[in-house]
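Asker: Structure incoming, see below.
The values are calculated or read from the model by the stated rules, or taken from the named source; none is laboratory data. If you're wondering where the values come from, they're calculated on a predicted model, not measured in any experiment. So basically every Cβ, Gly included, is an ideal-geometry build from the backbone, and we count neighbours across all protein chains shown.
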Amino acid sequence: MEYYEIHGDQKPQYYDGEYHPYPARGFTAVNDGEVDTSTLTIRIRTGTRPGDMLFATANVVSARFVDVLTSLHATGYTTAPIRLVKDGATLATFYVLRIHGRGGPFDPVRSGPCYSKSNPTKVFAYEGAYMDESRWDGSDLFFIPGLGVRLFATERVAQAIKRARLKNVLVEHHSECGALAAVRKWREKHMKK
């Protein structure tokens, strides 16, 4: 199975903000109860303009992003509106993705552990993000237990996001979305001879 990590890029965007009021439960995890989002805002402190995914706020996306998911009849998520506010003025309505899809548990062996030189028994990073696919629930959008709030998507969703040319959204194959892979890509790009 091919799957991808979807996350915000650090290009021009609102990159520093705060929730108000701060949600008691993370919107990016399973939400067992209803949450009143009528007054939920993100107060933007610094930044230039919003892209289609906000980097500093977990899974806050534009209406364009939600339209891509809706057109595919994607599964594994619901949305809640959230206002972007800067200097007291409402800039836009975005949406928080509430992800309830679940991948199989994180597979550290297949993910390519890298060990510390000073302590060869300690893993300090992974090359990729592999899971036990036999325990994936089949959702188009999902988290992998053991990897925190990182968002993963099936190939059809990832390809649709790429075709839509959403701004500030990165789509990376699961085999290349680990910390070491990111460092390797940066070096290849910036340390050319």
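Asker: Might you check whether a residue that is free of Cβ contacts under 8 Å to residues at least 60 places away in the same chain and among the small types (Gly, Ala, Ser) occurs anywhere in the range 110-121?
Answerer: yes
Asker: List every residue pair whose Cβ atoms sit under 8 Å apart, with the two residues 6 or more apart in sequence or on different chains, where the first one lies in the range 73-86 and is over 14 Å from residue 61 (Cβ atoms) and in contact (Cβ under 8 Å) with a residue 40 or more places away in the chain and the second, anywhere, is in a strand (DSSP E or B) and charged (D, E, K, R).
Answerer: 85/43; 86/43
Asker: Being out of contact with any Asp or Glu (no Cβ under 6 Å at 6 or more places or on another chain), at pLDDT 85 or above and of a type in the set (S, T, N, Q) is the filter here; which residues of the range 55-89 pass it?
Answerer: Within the range 55-89, 70, 71, 78, 79 meet the criteria.
Asker: Next up: Quick one: in the range 148-163, of everything that is touching a residue at least 12 places away in the same chain (Cβ under 8 Å) and in a loop (DSSP other than H, G, I, E, B), which residue is farthest from residue 174 (Cα to Cα)?
Answerer: 149
Asker: Further question on the same structure: Can you confirm whether residue 170 is within 29 Å of residue 64 (Cα to Cα), modelled with pLDDT under 85 and either within 15 Å of the chain's Cα centre (by Cα) or buried (at least 19 other Cβ atoms within 10 Å of the Cβ) (or both)?
Answerer: Considered against the rule, which asks whether it is within 29 Å of residue 64 (Cα to Cα), modelled with pLDDT under 85 and either within 15 Å of the chain's Cα centre (by Cα) or buried (at least 19 other Cβ atoms within 10 Å of the Cβ) (or both), residue 170 comes out as no.
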